[in-house]
Amino acid sequence: MTSLNAVWPLFNLSLATPRLELRPIQDHEIPAAVAAARTGIHEPGRNPFSTPWTELPAEELGPNMARWHWRCRAECTPESWTLLLGIWHNGEFIGCQDVGAKNFATLKTVSTGSWLKQSVQGRGLGKEMRAAVALYAFDWLGAAVAESEAASWNESSLGVSRALGYELNGITRKAWGTQIETVQHVRLTPETFKRPDWTLRVEGHEAAAKFLRVS
């Protein structure tokens, strides 16, 4: 019988850092993602996300997260894709790091976003997982640019960006849920990237790259 991983080769992709494992979240792992999110990600009333999904009632959070995972898979094509990578630390699910692109074959540009449950914040794990996808984007996918954004008050996210060598790339004013936020855009290139002193271990890249038609 053909395996699910053979049908959807992205499930074979795995990135490993000294402390973390990053890999696409499968259906049986969605409950762990929901449980981690329910423990809390940010202080009440200070939402760092453009869509205020963490503020949903507990009974709506799970279905909403499941729909998002299924939507990203359903809409994944070589022209527009998002990899939702779960983050495991010592065997525990602690957050999610995404990396995505539109028209990657031409633009060679990726964008990233992430979340970590509050109980593990402040340990440098956010920097480590962002470094992992930057390394993967530049060294394995052949990206020329990695972009991100954060609310202007989100010092933890912007601090990670500065530490990795991102440069400021303009400010916009956006509606985030019912709030108006000043959003700081940042941009990283292989030349400005402050690489970590460890080596990223990658498995399953060849099949994933073929699936996404990344050469």
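The values are calculated or read from the model by the stated rules, or taken from the named source; none is laboratory data. Because the structure is predicted, anything quoted here is derived from the model rather than measured. For neighbour counting, all protein chains shown are included, and Cβ atoms are generated from backbone atoms with ideal geometry for every residue, glycine included. Accessible surface areas use protein heavy atoms only, side chains included; no ligands, DNA or RNA. Shrake-Rupley method; radii C 1.70, N 1.55, O 1.52, S 1.80 Å.
Excluding residues on the same chain fewer than 8 positions from residue 127, give the lysines whose Cα lies under 18 Å from its Cα.
Residue 127 reaches 117, 194.
If you place +1 on the Cβ of every Lys and Arg and -1 on the Cβ of every Asp and Glu, how big does the dipole about the Cα centre of region 116-215 come out, in debye to the nearest 20? Please list the in-between numbers first.
Numbers: 13 positive and 11 negative charges, 31 e Å.
I would put it at about 160 debye.
Rank 147, 167, 59 by mean-square fluctuation in a GNM of the chain with C-alpha springs under 10 angstrom and give only the top-ranked residue.
Of 147, 167, 59, the Gaussian network model singles out 59 as fluctuating most.
Dipole magnitude of region 56-126 about its Cα centre, charges +1 at Lys/Arg Cβ and -1 at Asp/Glu Cβ only, in debye to the nearest 20?
Working: 7 positive and 6 negative charges, 39 e Å.
The dipole magnitude comes to about 180 debye.
In Å², what does the accessible area per residue of the chain work out to with a 1.4 Å probe?
Numbers: 11140 Å² over 215 residues.
I get 52 Å² per residue for this part.
Hey, what do the phi angles of region 55-67 turn into as Karplus ³J(HN,Hα) couplings, whole Hz, using 6.51/-1.76/1.60 and θ = phi - 60°, x for Gly and Pro?
8, 5, x, 3, 6, 9, 4, x, x, 5, 5, 4, 4
With a cap of 14 neighbouring Cβ atoms within 10 Å, and only residues DSSP puts in a loop, list the trypsin sites (Lys or Arg not before Pro) found in region 129-215.
Details: sites: 130, 162, 173, 174, 187, 194, 201, 210, 213; in loops: 194, 213.
Here the trypsin sites (Lys or Arg not before Pro) that fit, given the DSSP loop and packing criteria, are 194, 213.
Enumerate the lysines that residue 210 could reach by cross-link, defined here as Cα to Cα under 25 Å, with residues fewer than 8 away along the same chain left out.
Excluding near neighbours in sequence, the set is 102, 108.
Need one number: convex hull volume per residue for region 87-209, Cα atoms only, in Å³. Present the calculation step by step, with values, prior to reporting the outcome.
Working: hull volume 16.6 nm³, N = 123.
Per-residue hull volume (Cα only) is 135 Å³.
Output the Cα-based Rg and Dmax of the chain in Å, rounding Rg to one decimal and Dmax to a whole number.
For the chain, the Cα-based Rg and Dmax read 16.6, 52 Å.
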